[in-house]
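Quick notes on the structure that follows.
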Amino acid sequence: MEECSTGALVPAVKVEPFLSSVGGSVDPCSSDMGRLTEEKGMSEVDKDLLCPICMQIVKDAFLTACGHSFCYMCIITHLSNKSDCPCCAQSLCKNQLFPNFLLDKLLKKTSAQQISKSASPVEHFRQALQQGCEVSIKELDTLLALLTEKKRKMEQEEAERNMQILLDFLNCLRKQKVQELNEVQSHLQFLKEDISVVERRRMDLYRAKDRYSVRLRTLGGDDSSNGARNSWPSSIDNNSSALRVRGGTSSWNIQGRGLQRNDALSASDSQFMNQSGLAVARKKRVHALFDELQECYLQKRRQMNQPYSQLERNRSIIPREGYTAGLADFQSVLTTLTRYSRMRVIAELRHEDLFHSANIVSSIEFDRDYELFATAGVSKCIKVFDFSSVVNDPADMHTAVVEMPTRSKLSCLSWNKFTKNHIASTDYEGIVTVWDVDTRQSIMEYEEHEKRAWSVDFSCTEPSMLVSGSDDCKVKVWCTRQEASVLNIDMKANICCVKYNPGSSNCIAVGSADHHIHYYDLRNVSQPLHVFTGHRKTVSYVKFLSNYELASASTDSTLRLWNVKDNMPVRTFKGHTNEKNFVGLTVNNEYIACGSETNEVFVYHKEISKPVTWHRFGSPDMEDTEDDAGSYFISAVCWKSDSPTMLTANSQGTIKVLVLAA
C-alpha cells in the first residue's frame, strides 16, 4: 500500500535522457524548449498538489506528524476507520494533525493563476479596472470606438447569418412545395386520363345496354303485335255488345291483366331498389376506406404507368383501350374490396371429445381437393370431416368421417399436396407423424426434436418432402422415404412456424421467437437469404400468398406482408388483438384472415391495412356477454382455396363455416 500510494503521489522524474538528447545543455534561446519545460514543471506541480486519498486538489490542507498533507475531511474520515498514515503507515491520531497554512496559500495562488490564464481579455480588462488601473479619457474613447465598431461588425455578421438561414429555409420549402406540386399535377394527370377512359367505357356500356333493350323490345313487340292483330280486332268487332252486357266480367279481366303488369313492374322496381341499395352500400365502403384506397390507386398508377396491353393482364378485368395496368389493377382491388361487407355463418359444429374437457382446436386444414378438412388440438385426436356434409346436413348430423387418436396434444396439421390421403402432424412431445387417412395408421414417425414441435408443412412441388420447427431451436427437413432427417438448421431462438414457398421446394420461411422471419435456401443453410425484421414480438405464423408474397403474424397484434423477391416490407395490418396466443393465419390470392383474442375473426384485403370485415363468435352455452367473449379466442382459420368460404375455430371447440357476403 505504501509503495502504491507513494508512487501515485510522487512519481519519479528522470531528466538525464532529456539533457543528453539535447547535448547535455539547454539552449536558453530556445523558446519552444523553455515552454515545454515550464508546462512539464507545472504538470508536476499540479500532481504534487493532489490529495493522496481523493486524488483531487487538496482542500483545507492539514499536515500530519509524519510530514504528509491531506484534505481535512479525507484524513479525518480515514482516521475514523484506521489509526495510521495512508502514505507511510505510521501510527497516527487526530491530535497529530496540524493546519498547513503554507500549502493553503500556495493552492490559492495557483488557483488564481489558473483562473487568470483561462480568463478572456475582457475579463482581464475588467479585473484591471476593478483593481484601480489608471486609464486616460483618450484611451477610453479609443476603446469605445473599437468596441462600437466591433459591435457593429458582429451585428452585421449575425444579421447576414440569420438572413442566410432564412433564405436556405425558404429555398428548401420552395423546393419541397414544387416537388409536391409536380406530384399533385402528376396525380391530376393520372386522374384526368383515367376519368376520360372510364367515362368512355361507361358510355360504351350504356350504348350496349340501350341496343340490347331495343332488341328485346323489338322481339317482344313483334310477338305481341301479331297476337293483337289475330285476336283483338275480331273480339272488338264481333262482341262489342257482349262487352257491354258482360261489362263487369270484361272489366275484371282487363284489371287482372293490369295487375299482372303492375306485379311485373313491382318486381322490376324491387330489383332496381336492391341494386341501388347495394351500390349505396359499396359507395359507403369506399368512403370508409377512402384514404387507404387513394394511396393504393396512386401507388399502382406510379408503379404501372404503362398501357394495359404491355403488362400481364388481370383475368378478372376485361382489357379496354386506353386502360393502363395500374388502373386495371386498382379496379380489380376496388371490385374485390367493396364486394363484401360481412361474414355469414353457413354451418357450425362442436369439436367435442368425451374423454377430454379441453377442446382448443390448434389447427384446421383442407385436403388437396378441398373436399375434406381435418382438425387437431389438445384433445389428442385428429378428426376428418366431409365439407359438403357439414354444410348441407343438419347441425346434429355433423360427425367426423375419420378419427385418429394420438399420444400427445397436437399443434399443427399439413395435408400432402399430391397424395390426397396423407397428412402430417406435430405434437407437444416434438414428434412429427405422417398419417394415412384411409387406413387411419401412421406411416412415419420422426422423433428427433427434443422439445415441443409447433409447425409442419408439406412441400407444394416435392410430394415426399416436409419441414418442421420446434422449441429446441431447430428446423428439420424430412423425406417420407427416409427414417431420419435429411437436413437440420440450428437457430438461436424457438421456432414457431415454418412454410415452404409454393413455387420451390428449396425455399422456406421460418418465424421464431427472435421477432424475425428467416428466409432460407435449403441448398445453402449456412446463412439465410434474408432476415425480415419489423415485428416487435414472437412471429407465430408465416403463409405465402404467392411465390413472392409472404404474410406473417405476430403477438404484437399485427400482420405484415413481405416481398421475398425484392426483400422488402410491403404493408402492416392492424385491427385485431393478439398478445399471447396462437390465433391462426390463412391467406388466398386477395385476402388475409386471422383470429383475435377477442373471439373474433378478422379479414384484411392485401392492399388495405385496415380490416375489411370481421365476425364475432358467440357462446352457444351462455349469453354472448363481454366477459364471455374475453375468455375465449380464435385458435385456427383456413380459407377454402380462393373462394370466399373459410373454416374457423376457437378455443372453446366451436367450428364455424363462414362465407363473405355483401
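For the reader, a short list of remarks on this structure follows.
- Hits in segment 68-81 (condition: of a type in the set (Gly, Ala, Ser) and open to solvent by 50 Å² or more (accessible area, probe 1.4 Å)): 80
- Boolean, residue 386 is surrounded by 17 or more Cβ atoms within 10 Å (Cβ to Cβ) and either closer than 21 Å to residue 639 by Cα or touching an Asp or Glu at 6+ places or on another chain (Cβ under 7 Å) (or both): yes
- When the residues of segment 495-506 are filtered to those that are touching a strand residue (DSSP E or B) at 6+ places or on another chain (Cβ under 6 Å) and open to solvent by 20 Å² or more (accessible area, probe 1.4 Å), the one that is nearest to residue 464 (Cα to Cα) is 505.
- Yes/no for residue 149 being of a type in the set (Asp, Glu) and within 28 Å of residue 302 (Cβ to Cβ): no
- Within segment 452-471, residues that are without any contact (Cβ under 8 Å) to a residue 24 or more places away in the chain reach partners that are open to solvent by 50 Å² or more (accessible area, probe 1.4 Å) with beta carbons closer than 7 Å, at six or more positions or on different chains, in the pairs 464/481.
- Qualifying residue in segment 82-99 (condition: open to solvent by less than 100 Å² (accessible area, probe 1.4 Å), modelled with pLDDT of 90 or more and under 60 Å from the mean Cα position of the chain (by Cα)): no
- Between 408, 464, the distinction of being at pLDDT below 95, within 36 Å of the chain's Cα centre (by Cα), open to solvent by less than 20 Å² (accessible area, probe 1.4 Å) and farther than 22 Å from residue 494 by Cα belongs to 464 only.
- Residues that are within 30 Å of residue 143 (Cα to Cα), surrounded by 12 or more Cβ atoms within 10 Å (Cβ to Cβ) and at pLDDT below 85 do not occur anywhere in segment 35-44.
- Meets criteria (at pLDDT below 90, open to solvent by less than 60 Å² (accessible area, probe 1.4 Å), out of contact with any Ser or Thr (no Cβ under 6 Å at 6 or more places or on another chain) and in a helix (DSSP H, G or I)) for residue 129: no
For every residue, the table says whether it meets (1) at pLDDT 90 or above; (2) within 26 Å of the chain's Cα centre (by Cα); (3) surrounded by fewer than 24 Cβ atoms within 10 Å (Cβ to Cβ).
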position: 593; (1), (2), (3): yes, yes, no
position: 601; (1), (2), (3): yes, yes, no
position: 608; (1), (2), (3): yes, yes, yes
position: 621; (1), (2), (3): no, no, yes
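- Spans of strands (runs of 3 or more DSSP E) in segment 508-590 with at least 3 residues more than 28 Å from residue 647 (Cα to Cα): 517-521, 530-532
- Of the helices (runs of 4 or more DSSP H) lying entirely inside segment 282-396, the ones with 2 or more residues being modelled with pLDDT of 85 or more and farther than 27 Å from residue 423 by Cβ are found at 290-303, 325-339.
- Among the candidates 426, 433, the residue that is among the hydroxyl-bearing types (Ser, Thr, Tyr) and either in contact (Cβ under 8 Å) with a residue 40 or more places away in the chain or open to solvent by 60 Å² or more (accessible area, probe 1.4 Å) (or both) is uniquely 426.
The values are calculated or read from the model by the stated rules, or taken from the named source; none is laboratory data. Predicted model, so just to flag it, every value in this text is computed and none were measured. FYI the Cβ positions are ideal-geometry reconstructions off the backbone, even for glycines, and counts take in every protein chain you see. These area figures cover heavy atoms from the full protein model, side chains too; ligands, DNA and RNA do not enter into them. Shrake-Rupley method; radii C 1.70, N 1.55, O 1.52, S 1.80 Å.
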